[in-house]
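*Asks:* One structure, as structure tokens, below. Some questions next.
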Amino acid sequence: MVPRVGDEVIVSCEPATARVVEKHRYITVEWPWRTADNSFNIRWSGHVNLPYGDAHQEWSPYRLEPAAFALRVGDVCTVSIPPTRLHVGHYETYDPPRHLGWAPAPTAGIYVIPPERMDLDLEDAGCMLYLGGAEPIRVEPVKD
């Protein structure tokens with residue numbers, strides 16, 4: 001399935017264990033699915049920043065368990081995407097795979113937006129997810 005802009009999809013990602021490395025405006029975790037690929041000029045730290053809190057304008061479909069508010073630096077948590085109904089804001093394929101500083105390199109990207117944020121500026125409303133790399137992200141069409 002190649003999603004089109006405006007399609008409704010169900011996005012999910014199986015849980016994996018991560019460790020909290022920083023907590024300020026974002027909660028930063030050691031990303032459990034990727035490894036750094038230093039064979040290119042792009043350097044990736046192995047960490048991903050996730051927004052949290054009601055005042056944060058950015059959005060991510062990833063969820064932490066326990067919740068970000070309960071976590072401290074050094075804590076171990078689970079990161080996942082529970083099955084979530086989202087809208088496609090953008091979809092792109094990468095041939096060859098896109099080198100972003102981690103391995104395996106993704107073969108596609110999908111920008112997803114939750115229904116309640118559809119009235120916001122597209123750039124701030126959603127989140128880019130990379131497909132065909134290490135994260136076991138599933139994207140399925142809505143069938144109702």
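Coordinate-derived values only; no laboratory data. Please read these numbers as outputs of a predicted model, since none were measured by experiment. Ideal geometry is used to build each Cβ from the backbone, glycine not excepted, and the neighbour counts take in all protein chains shown.
*Asks:* Restricting to DSSP loop positions (anything but H, G, I, E, B) with no more than 14 other Cβ atoms inside 10 Å of their own Cβ, which chymotrypsin sites (Phe, Trp or Tyr not before Pro) remain in region 7-102?
*Replies:* PHE40
*Asks:* What do you get for trypsin sites (Lys or Arg not before Pro) in region 66-109 restricted to DSSP loop and a cutoff of at most 12 other Cβ within 10 Å of the site's Cβ?
*Replies:* ARG72
*Asks:* Kirkwood hydrodynamic radius (Cα pairs, Å) of region 8-141?
*Replies:* Computed over region 8-141, the radius equals 15.5 Å.
*Asks:* Tell me, HIS99, HIS87 in order of fewest to most beta-carbon neighbours within 10 Å?
*Replies:* Sorted ascending by nearby Cβ count, the order is HIS99, HIS87.
*Asks:* Where the only charges are on Cβ atoms (+1 Lys, Arg; -1 Asp, Glu), what is the dipole of region 1-58 about its Cα centre, to the nearest 20 debye?
*Replies:* 240
*Asks:* How long is the gain from THR78 to SER39 if the chain were fully straight, where each residue apart is worth 0.36 nm and the alpha carbon distance is subtracted?
*Replies:* 11.1 nm
*Asks:* If you place +1 on the Cβ of every Lys and Arg, -1 on the Cβ of every Asp and Glu, and leave all else neutral, what size is the dipole of the chain about its Cα centre, to the nearest 20 Debye?
*Replies:* 420
*Asks:* Report the relative contact order of region 8-141, percent, no decimals, based on alpha-carbon pairs under 8 angstrom and at least 6 residues apart.
*Replies:* Reported as a whole number, the value is 31 percent.
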